[in-house]
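Values quoted throughout were computed directly from the atomic coordinates according to the rules given, and no laboratory measurement underlies them. Please read all numbers here as calculations on a predicted model, not as lab measurements. As a convention, Cβ positions derive from the backbone with ideal geometry for all residues, glycine included, and neighbour counts pool all protein chains shown.
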Amino acid sequence: MNDPFLEENDNPSSIFLVRLFSKIHLREIPHIIDTLPLKKRIIFWGCFWVAVLSLVLSISFLNDRFLSRVPTYGGYFSEGMIGRPAFVNPVLAGTDTDKTLESLVYSGLLRKLPNGELISDLAESYAVSDDGKTYTVELKKNIKFHDGKPLTSDDVLFTINKIKDPLFKSPERGGWEGVVATKIDETKITFSLSEPYALFPENLTLGILPEHIWKNFTSVDFNNNTFNINAVGSGPYKIKYVKRGANGTIESFILSAFSNFALGKPLINKITLSFYDDEQKLSLAYERGEVDAIGGISPENVGKSQKESVVRYPLARGFSVFLNQNKKEFFANSVVRQALLNSIDKNKIIQDVFLGYATVLEGPLPLGSRGAPTNISASTKKTASDSILSLEENGWEKNTKGIFEKKGKELTFSLATANIAELKAVAENLKNEWNKIGVRVDIKMYEIGDLNQEVIRPRGYDALLFGEVIGREPDLFAFWHSSQRFDPGLNVALYTNPKVDKLLSEARGTTDTTIRTTLYESIYKNIANDVPAIFLYSPLYLYEKPKQVKNITPFLITKSADRFTNIYSWYINEDKVWKIFNTKK
């Protein structure tokens with residue numbers, strides 16, 4: 001081969017460079033390569049593909065080193081729920097379904113983050129007076145409802161006045177009694193309290209109604225109104241379409257992201273919420289792929305799903321047996337109360353009834369609440385044998401029926417609870433354990449309405465198996481202060497302790513979170529040591545999450561709707577950007 005540019009020992013790379021730098025046209029390169037001997041062509045193409053692979057790997061390395069994944073807009077998921085909505089309205093919402101939709105469609109002045117911190121939502125800022133009795137809220141500028149109308153202090157005042165009006169029978173009314181709301185101007189409003197209340201900012205998470213839609217409706221019209229379903233709020237999602245069945249039954253809501261949401265447009269574009277009459281139908285819909293997620297899956301159905309996709313939210317609720325000393329004098333005996341406590345294996349109840357999906361409760365606060373211990377110590381756990389021994393040492397003796405008796409009075413009582421499967425199972429477990437040590441228990445089941453009206457309110461029970469909704473930021477005043485022993489108070493153990501009374505009053509009055517934590521730690525210890533109730537368990541809320549959705553993490557919630565508190569930051573789609581341009585680190 002006679003080629004002025006080719007020497008005998010030149011390698012293919014040299015050939016290419018010589019040709020290139022001699023300004024040979026690119027179209028000549030294939031021809032030149034074809035003129036090479038077979039061996040040199042093989043060497044050339046080997047070097048070429050090594051170079052290409054090296055380039056690809058270098059680019060990939062640079063991508064990993066200098067690019068990062070960030071959430072981006074788009075995507076869709078569907079969720080199934082038990083129960084059908086009736087009042088997508090912050091004034092009237094009472095059921096889990098209503099409250100879930102209300103939390104998506106409406107927004108409040110403040111919003112609670114998963115870590116318990118309250119941040120501004122519709123509010124730009126808020127300030128508290130030195131005496132803790134006046135809160136001044138400044139609204140953000142240019143905030144709007146889903147229909148594009150401006151949201152002002154008039155809407156805030158209107159919503160609160162409807163809640164306070166007894167004609168509307170709002171479930172939220174109790175939290176606003178004694179609060180006077182006053183408009184200062186279009187973006188400023190004050191809230192005046194009769195006494196300092198440290199947890200009042202929690203009230204400001206309440207969803208705000210649009211006055212321009214609701215102002216002309218009477219209390220009757222208010223309840224029977226199309227806007228209770230076709231709701232207009234200012235929350236992260238707006239209602240795009242309501243699907244109904246042939247008989248008018250609501251089957252699903254289609255929600256779309258609200259671009260003018262005060263905290264920024266949500267990252268997921270669309271959500272469908274579908275409604276089912278019972279868990280069996282809901283589970284079947286999930287198995288068929290009709291929905292991506294299930295709100296409130298039961299422990300029994302966790303086994304049917306992929307457990308790694310089930311998010312376990314601790315619930316700020318505690319279930320206990322409250323002992324009425326006015327009905328059974330022996331409950332005033334601390335030895336009897338302690339014996340009842342020691343004979344119960346709480347972990348066994350949690351495993352048998354909840355398949356492990358609950359946590360042990362050792363005092364008036366569930367784990368995660370302010371003032372509660374960070375973990376439960378089992379080092380000093382006593383047993384049923386200890387219970388029997390302590391009762392015998394206290395003068396109790398078993399009679400011919402095997403029941404402990406003292407001075408002619410048997411250790412026997414009735415246990416009242418709601419006619420709910422899990423509570424019935426817990427009650428049976430308690431009855432069996434107490435019967436084993438010589439305590440006779442009779443279970444009395446009531447429908448929830450009857451239990452409240454006929455048993456709890458008149459304190460007509462020996463012992464009561466019931467739950468308390470406590471909250472992450474607790475206020476135990478209504479549950480344990482001696483002034484709340486009788487209806488409408490919620491001190492169903494009829495507990496009295498002057499020291500605890502003082503601590504409870506101080507805790508609800510201080511805005512200093514460090515001081516409040518210390519006070520609640522002391523409250524917890526005092527109540528737990530007194531054993532006015534047999535504290536049992538705190539349940540978990542189990543959420544079969546959409547597998548395609550990211551940034552869902554468990555945290556302590558008060559109600560099921562709280563799982564959506566940060567839904568605007570959930571995402572499905574991702575993009576890659578240079579790390580120096582990524583502001584969301």
Show me the three semi-axes of the equivalent ellipsoid for region 316-385, from the C-alpha gyration tensor (sqrt of 5 times each eigenvalue), largest first, rounded to whole Å. 23, 16, 13
Once residue 127 and residue 513 are pulled to full extension, the length gained, defined as 0.36 nm per residue separation minus their Cα-Cα distance, is 137.4 nm
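Say the cut-off is 31 Å between C-alpha atoms; which of 169/270; 169/431; 183/499; 149/576; 99/547; 281/550 go over it? Present the calculation step by step, with values, prior to reporting the outcome.
Details: 169/270 33 Å; 169/431 38 Å; 183/499 40 Å; 149/576 36 Å; 99/547 24 Å; 281/550 27 Å.
Checking Cα-Cα distances, 169/270; 169/431; 183/499; 149/576 exceed 31 Å.
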Given 0.36 nm per residue, what is the gain on full extension from residue 398 to residue 375 after removing their alpha carbon distance, in nm? 4.6 nm
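Quick check: residue separation of residue 217 and residue 445 times 0.36 nm, minus the Cα distance between them. What number comes out in nm?
Numbers: separation 228, 0.36 × 228 = 82.08 nm, distance 4.11 nm.
The residue 217-residue 445 span can extend by a further 78.0 nm.
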In degrees, nearest ten, helix 38-66 long axis to first principal axis of the chain (Cα): 30
When the Karplus curve 6.51 cos²θ - 1.76 cosθ + 1.60 is applied with θ = phi - 60°, which whole-Hz ³J(HN,Hα) does each residue of region 164-176 get, with x for Gly and Pro? 6, 6, x, 5, 8, 6, 6, x, 8, 4, x, x, 10
Taking the chain as the reference, fit the longest principal axis to its C-alpha atoms, fit the long axis of helix 498-509 to the helix C-alpha atoms, and give the angle between the two in degrees, 0 to 90, nearest 10. 40
In what sequence, highest mean first, do 98-110, 507-519 appear when ranked by Cβ atoms within 10 angstrom? 98-110, 507-519
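Please work out the FRET efficiency for the pair residue 136 and residue 389, using the Cβ-Cβ distance as r and a Förster radius of 45 Å; give the result to the nearest 0.05.
Details: r = 61 Å, r/R0 = 1.35.
Between residue 136 and residue 389 the formula returns 0.15.
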Show the residues, 5+ positions off or on another chain, whose built amide H is closer than 5 Å to the amide H of residue 205. 110
Rounded to 5, percent antiparallel among DSSP beta bridges of region 314-540: 70
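Work out the FRET efficiency for residue 194 and residue 72 from their Cβ-Cβ distance, taking R0 = 45 Å, and round it to the nearest 0.05. Can you show the working numbers first?
Numbers: r = 49 Å, r/R0 = 1.09.
That gives a FRET efficiency of 0.35.
Restricting to Cα atoms and excluding each atom paired with itself, what does the Kirkwood estimate give for region 146-279 in Å? Don't jump to the answer; show the numbers that get you there.
On the way: mean 1/r = 0.0587 Å⁻¹.
It is 17.0 Å.
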Spelling it out for residue 537: with amide H atoms placed in the peptide plane at 1.01 Å from N, the residues 5 or more places away or on another chain with amide H under 5 Å from its amide H are 319, 361
List the residues, sorted by chain then number, that are 5 or more residues from residue 240 or on another chain and whose placed amide H is less than 5 Å from its amide H. 254, 255, 256
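Using C-alpha positions alone, give me the convex hull volume of region 446-585 per residue in cubic angstrom.
Values: hull volume 24.5 nm³, N = 140.
Value for region 446-585: 175 Å³ per residue.
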Given only helices, namely DSSP H runs of n ≥ 4 each adding -39500 (n - 2.57), what is the per-residue ellipticity at 222 nm of the chain, to the nearest 500 deg cm²/dmol? -8500 deg cm²/dmol
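Over the chain, what is the relative contact order in whole percent, taking alpha-carbon pairs under 8 Å and six or more residues apart?
Numbers: 1073 pairs, mean separation 119.8, N = 585.
Computed over the chain, the figure is 20 percent.
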